[in-house]
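> Have a look at this one before I ask anything.
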Amino acid sequence: HLDRSKGICLIDQSNLVDKMLVDFGMQDCSTKVSTPCVWPLPTDSDLPDGPGQHSEFNMYSALGYLNQLQGGTKPEISVPLKRLSRYGAHYGEKHIELAKRMMRWCKRTRNVPLVLKYAKQPEIQIFTDASHASCPDTRRSITGVVVKISGNTIFWKCLNQSMVSHSSTESELIALDKGATIGIYVRWLVECMTGTKYGTMKVFVDNQSTIALSSNPVHPD
């Protein structure tokens, strides 16, 4: 929904949410959920002993719908979806409960759009964070990256780190590296779109040790 007079663009996926709810028979489900997930998230220990015990629930279809919503307008379901995506073929009751909770959250936030506002000068802001050793099965951390241009959220990414970090500082450094790499691509894209050279980007990190290490001119390694 574009309003050029106010310089605002509203993006929503309400039609996709409705289609998902109808396909899973949840169009009349409750929306009394304050968050898209609850901790702890389901793990391998919540899997049933035998396969095919929950064939009435199409987990692959649920993951497809939720992935489209997460990539379009709902970054808040990134972490639970990343965990749930490991259980497309084999899953238990708690995995189904998590999928349905995210669907109820999507219904609750159905009319909450992603808002983009016009700005004369682009300003790139990169936010990185890490959840240290948050997966009890692999002990790997989760990287989170959000990129804003002039206050508009235009990019987000949630991914499992490829190695086991020994400290929260190490996890945050890996997340910072990913954010800086993505930032270079975003800066190149902004320069191509605006035709002007962009200066220094701002990266926000909430770990003091990571900030000290990454800005140390004596020991850059």
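The values are calculated or read from the model by the stated rules, or taken from the named source; none is laboratory data. Quick caveat: nothing in here was measured; it's all calculated off a predicted structure. Ideal geometry is used to build each Cβ from the backbone, glycine not excepted, and the neighbour counts take in all protein chains shown. Calculation scope for accessible area: heavy atoms of the full protein, side chains included, ligands and nucleic acids excluded. Shrake-Rupley method; radii C 1.70, N 1.55, O 1.52, S 1.80 Å.
> Would you point out which residue out of 167, 171 is among the polar types (S, T, N, Q), within 18 Å of residue 133 (Cα to Cα) and more than 22 Å from the chain's Cα centre (by Cα)? Show your work before the answer.
Details: 171 fails: more than 22 Å from the chain's Cα centre (by Cα).
After applying the criteria, what remains is 167.
> Next up: Hey, does segment 55-67 have a residue that's of a type in the set (Asp, Glu) and either in a helix (DSSP H, G or I) or closer than 21 Å to residue 152 by Cα (or both)?
Within segment 55-67, not a single residue is of a type in the set (Asp, Glu) and either in a helix (DSSP H, G or I) or closer than 21 Å to residue 152 by Cα (or both).
> Pairs please, first residue from segment 95-124 and within 12 Å of residue 66 (Cβ to Cβ), second anywhere and of a type in the set (A, V, I, L, M) and open to solvent by 30 Å² or more (accessible area, probe 1.4 Å), Cβ atoms under 9 Å, 6+ apart in sequence or on different chains.
98/38; 101/38; 106/16
> Would you mind stating whether residue 163 is among the aliphatic types (A, V, I, L, M) and open to solvent by 100 Å² or more (accessible area, probe 1.4 Å)?
On the way: among the aliphatic types (A, V, I, L, M): yes; open to solvent by 100 Å² or more (accessible area, probe 1.4 Å): no.
In short, no.
> Next up: Does residue 112 count as open to solvent by 50 Å² or more (accessible area, probe 1.4 Å), more than 24 Å from residue 149 (Cβ to Cβ) and of a type in the set (A, V, I, L, M, F, W, C)?
no
> So residue 157 passes all but one of these: (1) under 30 Å from residue 24 (Cβ atoms); (2) over 14 Å from the mean Cα position of the chain (by Cα). Which condition number does it fail?
Every condition holds for residue 157 apart from (2).
> Now, a different point. State yes or no: is residue 200 open to solvent by 60 Å² or more (accessible area, probe 1.4 Å) and closer than 29 Å to residue 115 by Cβ?
It is true that residue 200 is open to solvent by 60 Å² or more (accessible area, probe 1.4 Å) and closer than 29 Å to residue 115 by Cβ.
> Is segment 141-156 home to any residue that is assigned to a helix (DSSP H, G or I) and closer than 30 Å to residue 12 by Cβ?
no
> Among the residues of segment 56-67, how many are farther than 17 Å from residue 16 by Cβ and either within 15 Å of the chain's Cα centre (by Cα) or open to solvent by 20 Å² or more (accessible area, probe 1.4 Å) (or both)?
Counting residues in segment 56-67 that are farther than 17 Å from residue 16 by Cβ and either within 15 Å of the chain's Cα centre (by Cα) or open to solvent by 20 Å² or more (accessible area, probe 1.4 Å) (or both) gives 1.
> Scan segment 137-148 residue by residue and report those that are open to solvent by less than 40 Å² (accessible area, probe 1.4 Å) and either farther than 25 Å from residue 40 by Cα or hydroxyl-bearing (Ser, Thr, Tyr) (or both).
141, 143, 147
> So, one more: Can you name the residue in segment 68-96 that is assigned to a helix (DSSP H, G or I) and among the charged types (D, E, K, R) and, of all such residues, is surrounded by the most Cβ atoms within 10 Å (Cβ to Cβ)?
83
> Which members of segment 166-186 meet the condition of being exposed (fewer than 15 other Cβ atoms within 10 Å of the Cβ) and within 24 Å of residue 81 (Cα to Cα)?
177, 181 - these are the residues of segment 166-186 that are exposed (fewer than 15 other Cβ atoms within 10 Å of the Cβ) and within 24 Å of residue 81 (Cα to Cα).
> Among the residues that make up segment 67-77, is at least one of them of a type in the set (A, V, I, L, M) and in contact with a Ser or Thr (Cβ under 6 Å, 6 or more places away or on another chain)?
no
> Show the residue pairs that are 6+ apart or on different chains and have beta-carbon atoms under 7 Å apart, the first residue being within segment 153-170 and under 22 Å from residue 70 (Cα atoms), the second being open to solvent by 50 Å² or more (accessible area, probe 1.4 Å) and assigned to a loop (DSSP other than H, G, I, E, B).
Filtered contacts from segment 153-170: 160/140; 161/140.
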